[in-house]
Amino acid sequence: MEKLVSLCKQRGFIFPSGEKYGGLQGFWDFGPLGVELKNNIKKSWWKRFVQMRIDVVGQDSTIITNPKVWEISGHIGGFSDVLVECKKCHHRFKADDLSAVSKCPDCGGEFTKEKNFNIMFKTHVGPTEDTASVAYLRPETAQNIFVNFDTVRTAMRTRIPFGIAQIGKAFRNEITPGNFIFRSREFEQMELEYFINPKDDEKWFKEWVDLSMQWFLDLGIKKENLRKYEQKKDELAHYAKATTDIEYKFPFNKGFGELMGIANRADHDLSAHGFKYKDDITQKEFIPYVIEPSIGVDRAALAFLLDAYTEVEGGRTTTTESNKEKEMVLKLHKDLAPYKVAILPLSKKEDLTKLALEIFDELKGRYMVAYDQVSSIGRRYRRQDEIGTPYCVTVDFESLEDNAVTVRDRDTMEQERIPVAELSAYINKKLES
């Protein structure tokens, strides 16, 4: 975990927000490579569960909405964690994280009695700060979907079963954020609310669990690092009839921790907001049930990074270099890699850089392409391996004679000579395979 955190900072994936001034616990900035990774995760999820389906549409709602939404949903009254505070050092902890611990893990002091702590961020809308202007940063995107149920259904002329998906920021004033980006106070969610006839809830619940699990597997997560966990009755949220968590084998949380949750929310939400649905064929009226696959983009990024992090014996950068140090390769799935291709001119001589830049210009309209001409070719290969770039294209002096380049595969290290005129089609085929 420490090595990954260090890599993320050094290579521009993720680093503390406001670090120049000491940072702020639970807030992280995604750098040039991190934002590409997040965008690729969101793009893959949206394509799989919205674009490729006939029964799901999207929306993008506001972060701040009418506080009545959170009152009706129960968040204002009940969206809380149990907090304890050390009487000696005054550090605060989420009671669930302490398990059987009876003394403060930081100083050994005694704890205060448990108390509920609402984890919603409160703010004010308008020029005055009074009770009438109180509003909240949304703690989830789901409620915005529920209150738009009728509007979206009418506008898109949809019939049950159908879903509404949203990707967006959420905010929770976590008592104890930690484990890098596993638990943050500001994060992004990918949520989908799938509205169904109550009689079909078990069928759709199982289907969305299976579809969600397969998405992770298709993006390269090792099967042995994933498992399904069916929550027991006393573990379920108050709104849930059933919940299955997809867990990942994180290097903390005693081996496995929640990566994604798929909940059968029954009719709790639409009932609370006063919605009903009338089937235009049977003319029967009922309150739909909702199946909710929900995942944090940041937590997904952490899982993908951890699963891709690979240490190999040194000497893989070139056929001639050899050392005993371990080298790091980020074996991200091609769809997730921040850069798909790196263009590496063998030298800074004008003839080579001219051809290399022409190739860069040819490819940049299709994919994110890196251009690197600093230091030895071996070091540049290693840098691209560390950030997960699947293919490196080396432009050498021979390229000026045969108008061909060498393409190196990140995972196999095989090198293939490809004519420049065929390079775009070659890369495209490789990325789609």
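Each value in this text was obtained by applying a stated rule to the coordinates, not by laboratory testing. Keep in mind that what you see is a predicted model, and the values were worked out from it rather than measured. Glycine gets a Cβ as well: all are built from the backbone with ideal geometry, and neighbour counts include every protein chain shown.
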**Free-standing Cys residues across the chain, given no other cysteine C-beta under 4.7 angstrom** = 8, 392
**Message:** Can you give me the C-alpha center-to-center distance between the range 181-200 and the range 254-310, rounded to a whole angstrom?
**Reply:** 4
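Taking the range 221-252, which trypsin sites (Lys or Arg not before Pro) meet the DSSP loop condition and have no more than 12 other C-beta atoms within 10 Å?
Answer by residue number: 222, 232.
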**Asked** In degrees between 0 and 90, to the nearest 10, how far off the longest principal axis of the chain does helix 297-308 point, with axes built from Cα atoms?
**Response** 40
**Request:** Only residues of the range 143-185 count here: report those whose backbone N is under 16 Å from the spot 7 Å along Cα→Cβ of residue 279, or say none.
**Result:** 159-162
**Item:** Euclidean distance of C-alpha centroids, the range 401-433 and the range 28-48, integer Å
**Value:** 26
**Asked** Can you list the lysines whose alpha carbon sits under 17 Å from that of residue 88, skipping same-chain ones fewer than 8 residues off?
**Response** 103, 113
**Prompt:** If you stretched the chain out fully between residue 362 and residue 379, how much longer would it get, using 0.36 nm times the residue separation minus the C-alpha to C-alpha distance?
**Reply:** 3.6 nm
**Item:** Cα long-axis angle, helix 420-432 against the chain (0 to 90 degrees, to the nearest 10)
**Value:** 30
**Prompt:** Quick one: Karplus J couplings for the range 390-404, per residue in order, coefficients 6.51, -1.76, 1.60, θ = phi - 60°, nearest Hz, x for Gly and Pro?
**Reply:** x, 9, 10, 10, 9, 9, 10, 5, 5, 4, 5, 8, 9, 6, 9
**Asked** Once amide H atoms are placed 1.01 Å from N in the peptide plane, what residues at a sequence separation of 5 or more from residue 388, or on another chain, have their amide H within under 5 Å of its amide H?
**Response** 330
**Request:** Starting from the Cα-Cα distance between residue 106 and residue 122, subtract it from 0.36 nm times their residue separation and give me the gain in nm to one decimal.
**Result:** 2.8 nm
**Request:** Sticking to Cα atoms, compute the Rg of the chain to one decimal and its Dmax as the biggest Cα-Cα distance, whole number, in Å.
**Result:** 25.2, 78
**Request:** Measure nothing fancy, just the Cα-based angle from helix 377-387's long axis to the longest principal axis of the chain, in degrees from 0 to 90, nearest 10.
**Result:** 10
**Request:** May I ask you to sort 344, 355 by Cβ crowding, counting other Cβ atoms within 10 Å and putting the fewest first?
**Result:** 355, 344
